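The values are calculated or read from the model by the stated rules, or taken from the named source; none is laboratory data. Owing to the predicted nature of the structure, the values given are computational and were not obtained by experimental measurement. Please note: Cβ atoms are built from the backbone with ideal geometry, for glycine as well, and neighbour counts cover all protein chains shown. Surface areas here come from the heavy atoms of the whole protein model, side chains and all, with no ligands, DNA or RNA. Shrake-Rupley method; radii C 1.70, N 1.55, O 1.52, S 1.80 Å.
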Amino acid sequence: MSPTAVDELVFLPLGGSNEIGMNFNCYGYGPAHDRKWIVVDVGVTFGDDTTPGVEIIMPDPAFIEEYADDILGVILTHAHEDHIGAMGWLWPRLKAPIYATPFTAFLLREKLRERGVMEQAKITEVPLNGSIVLGPFELTLITLTHSIPEPNGLAIRTPLGVVLHTGDWKIDPDPLLGGVTDEAAIRRLGDEGVLAMVCDSTNVFVEGTAGSEASVRETLNHLIGSLRGKVAVACFASNVARMDSAIRAGQANGRRACLVGRSMLRMAAAAQSVGLLKGLEPFLSDAEAGRFADDDILYLCTGSQGEPRAALSRIADGTHPHVRLGPGDHCIFSSRIIPGNEVPIRNLQNKLADRGIRLYTERDHPGVHVSGHPCRDDLAEMYRWARPKIAVPTHGERRHLLEHVAFAHDLQVPQTIAPRNGDMVRLAPGRAEVIDEVPSGRLYVDGGVLTVENGEALRERRHASHSGVLTVAVVLDQEGRIASGPQVQAIGLPGDEATPLGEALDALADAAEQALSGLDDWERDDDHLVEQALNRTLKRTAYRIWERRPIVTTTVMRV
Ligand SMILES: [Zn+2]
Ligand SMILES: [Zn+2]
């Protein structure tokens with residue numbers, strides 16, 4: 001297939017560019033009015049204090065949804081939440097066939113099942129190093145190393161050139177599980193000529209190399225061997241190699257492994273489905289583990305990020321039904337602090353320390369964790385192998401992407417471009433440039449409902465959580481006189497000794513009554529005008545009392 005004069009190859013991130021999380025990348029090929037698309041990764045990010053009640057956030061696919069019929073496939077590079085987490089929610093909007101390697105497909109099926117779309121979705125399992133042809137796109141998976149089984153880069157061949165989409169990666173010479181980085185395949189691609197490399201920017205500020213999983217095993221082995229009492233290791237459940245290392249380090253020191261936390265068990269099942277975590281002593285249930293001597297047990301726990309409902313938080317709170325840790329016991333954090341989680345992690349570690357548990361973290365015990373993303377030497381190596389004409393940094397905040405641009409420039413990459421979500425980048429023909437800005441945004445999972453970013457409900461909840469709520473109800477008779485009320489209630493507003501809450505509410509009720517008596521007869525016949533008057537008065541009075549502007553809701557009834 002050769003390109004026509006009007007064909008273009010475009011890259012369009014709808015998530016994951018200018019943030020670390022919710023990756024959603026589109027590649028389009030064809031003339032502007034008739035592009036065919038593929039989507040690479042459909043991930044989530046997580047809510048924080050600014051999104052009360054919203055834990056899961058994902059890219060708004062509105063733009064690409066319009067072209068759903070032209071989406072030839074969704075390809076998932078690996079099973080991290082920021083790459084597959086939104087699949088169950090967004091599949092109904094994309095309705096395209098999904099391609100993933102077996103481990104990723106196992107976890108994907110759970111996600112689709114949870115959202116009730118498993119039956120409709122078509123999943124094709126692609127073997128490692130396998131190929132897929134989707135219209136003008138010929139994709140080949142390239143085995144990389146990362147912090148989860150089966151991380152794949154994609155060689156995307158089109159009539160206008162080859163794109164190397166790295167996904168998440170590092171160069172681990174000894175990843176313990178799975179193959180090493182397929183350097184030969186990347187070099188061959190480099191020889192063939194790589195038009196653009198769309199690349200992970202997470203660790204662009206970190207000098208050196210990310211390091212090897214094998215060295216972590218070594219460190220854990222020594223550390224666990226030196227400890228008496230119960231030992232708990234906190235790590236990401238998806239880091240199966242780490243899980244394997246901790247379990248083997250335990251076994252080598254006479255400890256049986258007990259997996260604590262639902263996602264740990266779920267990941268172990270996914271790993272075993274593709275032949276990983278084999279040749280180990282059977283895991284103990286947390287109930288069984290309680291019957292073993294302290295020196296004979298190793299707990300693997302979820303909750304290294306301080307997630308309140310995860311195993312480690314419950315152990316720290318003393319509310320876990322089976323696992324108790326105390327003086328003389330140990331907890332190894334074999335994980336990094338994800339930016340934004342500093343406070344919950346500190347709180348968790350304080351609670352554990354308060355129980356007399358000794359803590360070991362990356363900071364005080366270097367080597368108990370290594371990153372899954374490429375540091376500067378890894379990046380330089382990848383650029384030497386692939387030799388792209390255009391560097392397109394993704395998977396980073398703005399500062400990461402711009403640093404990556406500067407770094408690629410230093411490595412003599414002829415052209416660099418760091419898109420923002422919604423920037424449509426034409427990669428070929430001609431110089432790479434942003435040719436369009438399309439709508440991009442976020443969707444929030446708000447109590448099981450998928451809503452727009454910063455919608456009315458969340459805005460009100462934020463307002464209420466900051467300033468409280470006042471409700472006023474009044475019953476008027478036929479003549480517009482007060483038959484009952486006004487009754488004022490407050491939610492989330494304080495009283496003090498000088499002005500107890502009851503007095504404040506009385507003052508508000510008086511003000512409401514005065515406002516009503518200030519209205520003309522014709523105004524009092526109009527519910528809307530009555531509500532307006534009450535609203536205004538309550539707001540003004542509330543501000544005088546609390547120096548706050550609470551939400552005011554008004555109910556007018558007629559008898
Ligand atoms: Zn990622
Ligand atoms: Zn990842």
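Equivalent-ellipsoid semi-axes for region 296-365 (Cα gyration tensor, √(5λ), whole Å, largest first): 18, 14, 11. Given R0 = 45 Å, the distance between the Cβ atoms of Ser226 and Thr451 translates into a calculated FRET efficiency of 0.30.
Counting only protein chains, not ligands or nucleic acids, how are Lys95, Lys351, Lys170 ordered by accessible area (probe 1.4 Å), most first? Intermediate results must be reported in sequence, preceding the final value.
Details: Lys95 135, Lys351 90, Lys170 0 Å².
Result of the area sort, largest leading: Lys95, Lys351, Lys170.
Here the relative contact order of the chain, from alpha carbon pairs under 8 Å that lie six or more residues apart, stands at 15 percent.
Axis angle, to the nearest 10 degrees, between helix 501-517 and the longest C-alpha principal axis of the chain: 60 degrees. For region 1-80, the share of accessible area belonging to carbon and sulfur comes to 50 percent (1.4 Å probe, ligands and nucleic acids excluded).
DSSP beta bridges in the chain, what fraction antiparallel, as a percent rounded to 5? Just about 55 percent of them are antiparallel.
Distance from the alpha carbon centroid of region 20-36 to that of region 40-88 works out to 14 angstrom. Taking a label point 7 Å from the Cα of Asp295 along the Cα→Cβ vector, which residues of region 326-350 have an amide N closer than 12 Å to it? Taking a point 7 Å out along Cα→Cβ of Asp295, no residue of region 326-350 has its backbone N under 12 Å. Ranked by the mean number of other Cβ atoms within 10 Å of their residues, highest first, the peptides 58-71, 96-109, 440-453, 17-30 fall in the order 17-30, 96-109, 58-71, 440-453. Based on Cα contacts under 8 Å between residues 6+ apart, region 24-127 shows a relative contact order of 24 percent.
Per residue, the average separation of C-alpha pairs within less than 8 Å and at least 6 apart gives region 333-432 a relative contact order of 21 percent. With both labels modelled 7 Å from their Cα along Cα-to-Cβ, the Asp510 to Arg420 distance reads 5.3 nm.
The label point for Glu547 and the one for Val343, both projected 7 Å from the Cα toward the Cβ, are 2.2 nm apart.
Centroid-to-centroid, using Cα positions, region 462-480 and region 199-220 are 57 Å apart. On the beta carbon distance between Leu359 and Glu114, with R0 = 30 Å, the FRET formula returns roughly 0.30. Computed in the context of the full set of protein chains, the accessible area of region 308-413 at 1.4 Å probe radius has 49% of its extent on carbon or sulfur.
Segment Ala184..Leu411, full-extension length gain: 79.7 nm, with 0.36 nm per residue of separation and the alpha-carbon distance subtracted. Accessible area per residue for the chain, computed on protein heavy atoms with a 1.4 Å probe, is 43 Å².
If each residue of separation counts as 0.36 nm, what is the full-extension length gain between Arg462 and Met557 once their alpha-carbon separation is subtracted? Present the calculation step by step, with values, prior to reporting the outcome.
Numbers: separation 95, 0.36 × 95 = 34.20 nm, distance 2.88 nm.
Net length gain for the segment: 31.3 nm.
The stretch between Ser517 and Ala483, if pulled fully straight at 0.36 nm per residue, gains 10.9 nm over its current Cα-Cα span.
Using alpha carbons only, how many angstrom separate the centre of region 93-141 from the centre of region 389-429? Cα centroid to Cα centroid, the span is 28 Å. With viscosity 0.890 mPa s and temperature 25 °C, the Kirkwood radius over alpha carbon pairs of region 194-349 converts through Stokes-Einstein to a diffusion coefficient of 149 µm²/s. Ligands, DNA and RNA aside, Arg387 has an accessible area near 110 Å² when probed at 1.4 Å.
Anything over 26 Å Cα to Cα? Flag those among Lys170/Lys351; Lys36/Lys122; Lys95/Lys389; Lys95/Lys278, in the order listed.
On the way: Lys170/Lys351 34 Å; Lys36/Lys122 19 Å; Lys95/Lys389 34 Å; Lys95/Lys278 36 Å.
Cα-Cα > 26 Å for Lys170/Lys351; Lys95/Lys389; Lys95/Lys278; rest within.
Each peptide in 3-15, 229-241, 338-350 receives the mean, over its residues, of other Cβ atoms within 10 Å, and ordering these scores from highest gives 229-241, 3-15, 338-350.
With respect to the chain, whose longest principal axis is taken over its alpha-carbon atoms, helix 527-546 is tilted by about 80°. By the Stokes-Einstein formula, at 0.692 mPa s and 37 °C, the chain with its Kirkwood radius over alpha-carbon pairs has D equal to 124 µm²/s.
Looking at region 420-559, the pairs of alpha carbons with a distance over 24 Å make up 51% of the total.
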